[in-house]
Amino acid sequence: MTDVADTPTSPAAVDAPEPVWPIPSSLSPSRVSSFTSCPMQFRFSSVQRLPEPPGVATTRGSVVHRALELLFELPNLERTPEALAGTLDRALDEYATDPDYVGLQLDESAAASFRKDCDKLIETYFEMEDPTTIRDIGLEVRMAADVGSLELRGIIDRLELDENGELVVTDYKTGRAPSGRYEQKSLAGVHFYSFLCEAVLGRRPAKIRLMYLSNGETIETVPSQQSVRFINTRTTAVWKAVERACTTGDFRPNQSRLCDWCSFQTWCPAFDGDPELAATEAVAAHEARLAEASPAS
């Protein structure tokens, strides 16, 4: 989630040369991670806002998140496995005409496999917790807070109260759980949410946790004043780097295993691509996909 301003937001930039690219005015946890993982990918997706082909894993995650959101709209005692199967049906119906699902172009067999994978995730969910006991106070909660001239934004999957009336932030994950060495990195996003809770609600959560529905693993941590302060410091540093990259036009690729899933590899200079062609070619490819997926085609 990134908003892009037409003019620099930093007062120091008033007398600076015109930026090569428009400078973001807001950042989300995913965009902070995107820039630190690969500035070039950030340029394509967040600055140029080029369309990307939908992915099965991402769309499946969106459908399951929606099914869980619908489940928690029900009274506590009605949150049964049968009810979640029903809300999954509703979520799939909602996504039936969504470009992210239509664009997958699933045949009958692939669509059945997609549904089966969703079923497995919601079955695992009920092995992890009893939703009838959850004191939820917000679902898909949008929050925003200013850090200097930058706005930080995020969407919390579920905000709830524990047995002591303290806030708990819960984030659902449908991908693979991280290995031990990457566990703290995976918590960066929910630490971001704890920062937003303190800034917006004036209360630091007592606990933040990730629920990995793929294997039933839950990762929890207790945010501290130091961890909240670190989010402020880190995000400010990342934004300054983004501002500098936009001003100079220097977005460098960072090769890693994530390149295997990058939608923009064709135009990445790390793979002998021409990033200047991305604006026209990525849009043309997106329009071709839409035409191919259209029932009229």
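The values are calculated or read from the model by the stated rules, or taken from the named source; none is laboratory data. Please read these numbers as outputs of a predicted model, since none were measured by experiment. Note that each Cβ is placed from the backbone with ideal geometry, even for glycine, and that neighbours are counted across all protein chains shown. The protein model used for the area step is the full one, side chains on, heavy atoms only, and it has no ligands, DNA or RNA in it. Shrake-Rupley method; radii C 1.70, N 1.55, O 1.52, S 1.80 Å.
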Residue separation times 0.36 nm, minus the C-alpha to C-alpha distance between residue 291 and residue 123: what's the value?
-> 56.9 nm
Sites residue 93 and residue 49 - FRET efficiency at Förster radius 25 Å, r taken between beta-carbons, to 0.05 | 0.30
Tell me, what is the per residue accessible area of the chain in Å², probe radius 1.4 Å?
-> 52 Å²
Tell me the label-point distance for the pair residue 82, residue 256, using the 7 Å Cα-to-Cβ offset, in nm and rounded to one decimal.
-> 4.6 nm
Would you mind calculating the gained length between residue 109 and residue 248 on full extension (0.36 nm times residue separation, minus the Cα-Cα distance), in nm to one decimal?
-> 45.2 nm
Can you tell me the FRET efficiency between residue 236 and residue 21 if r is taken as the Cβ-Cβ distance and R0 is 25 Å, rounded to the nearest 0.05?
-> 0.80
Hey, any idea what % of the chain's accessible area is carbon plus sulfur with a 1.4 Å probe?
-> 50 percent
For the range 100-116, in residue order, the Karplus 3J(HN,Hα) values (coefficients 6.51, -1.76, 1.60; θ = phi - 60°; whole Hz; Gly and Pro = x) are 5, 8, 4, x, 6, 6, 7, 7, 4, 5, 5, 5, 5, 5, 4, 5, 4
Rounded to the nearest 500, the 222 nm mean residue ellipticity computed for the chain from DSSP H runs (n ≥ 4, each -39500 (n - 2.57)) alone is -13500 deg cm²/dmol
Would you kindly derive the ³J(HN,Hα) couplings of the range 19-31 from the backbone phi angles with the Karplus curve 6.51 cos²θ - 1.76 cosθ + 1.60 (θ = phi - 60°), listing them in order in whole Hz, with x for Gly and Pro?
-> x, 5, 10, x, 8, x, 10, 8, 9, 10, x, 5, 6
In the chain, what percentage of the DSSP-assigned beta bridges are antiparallel, given to the nearest 5?
-> 70 percent
How large is the Kirkwood hydrodynamic radius of the chain, in angstrom, based on all distinct alpha carbon pairs?
-> 21.0 Å
Semi-axes in Å, largest first, for the range 69-184 (Cα gyration tensor, √(5λ)) are 27, 21, 16
Where a ≥ b ≥ c are root eigenvalues of the Cα gyration tensor, a/c under 1.5 meaning rounded, otherwise prolate if a/b exceeds b/c and oblate otherwise, the range 146-270 counts as oblate
Mind checking Rg over Rh on the range 24-98, alpha carbons, Kirkwood formula for Rh?
-> 1.14
Listed highest first by mean packing, meaning other Cβ atoms within 10 Å per residue, what order do 163-172, 20-29 come in?
-> 20-29, 163-172
Inter-centroid distance (Cα atoms) of the range 33-48 relative to the range 186-226, Å | 24 Å
Can you give the Kirkwood hydrodynamic radius of the range 85-151 from its Cα pairs, in Å with one decimal?
-> 15.2 Å
For the range 142-156, 3J(HN,Hα) per residue [Karplus equation, 6.51 cos²θ - 1.76 cosθ + 1.60, θ = phi - 60°, Hz, x = Gly/Pro] | 8, 9, 8, 8, 8, 10, x, 8, 9, 9, 9, 10, x, 10, 8
Which of rounded, prolate, oblate describes the range 223-271, given a ≥ b ≥ c as roots of the alpha-carbon gyration tensor eigenvalues and a/c under 1.5 marking rounded, otherwise prolate only if a/b is larger than b/c?
-> oblate
Would you mind getting me the FRET efficiency between residue 73 and residue 265? Use the beta-carbon distance for r and R0 = 30 Å, nearest 0.05.
-> 0.15
